[in-house]
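Report on the structure given below.
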Amino acid sequence: MKDAERIGRLAMRHEGENWNAYYALDETMKDAISLGSIRMAAIVNNPTRKQAFMDMMRGIVGDIFEEKLGVRPMWGGPETAPEHERSGSA
């Protein structure tokens with residue numbers, strides 16, 4: 001088996017009243033692909049629903065990778081967005 005190579009990330013962003021999910025390359029949001037969103041009110045006090053949304057977004061990315069590349073991605077833990085990508089609740 002080959003060593004794992006990081007080829008992107010699932011970026012979660014609080015923007016306005018939504019929590020938006022994007023597939024993005026490392027260290028940039030340029031050309032990020034929008035995957036889905038959920039209202040903040042639906043997840044802010046519901047960690048189970050928040051985790052379910054993240055799991056669904058990971059599943060979507062996994063399905064795309066498996067269809068195109070024949071492998072499912074491995075996911076690491078959450079990472080804080082780089083400072084240059086942070087915009088508060090834009």
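Note on region 36-76: residues that are farther than 27 Å from residue 7 by Cα, surrounded by 13 or more Cβ atoms within 10 Å (Cβ to Cβ) and in contact (Cβ under 8 Å) with a residue 24 or more places away in the chain total 2.
Here is the figure for region 2-35: residues that are on the phi > 0 side of the Ramachandran plot and either of a type in the set (Gly, Ala, Ser) or free of Cβ contacts under 8 Å to residues at least 40 places away in the same chain (or both) total 3.
Each reported figure results from applying straightforward, stated rules to the coordinates on display, with no laboratory input. Not measured: the values here are computed from a predicted model. Neighbour counts run over all protein chains shown; Cβ positions are idealised from the backbone, glycine included.
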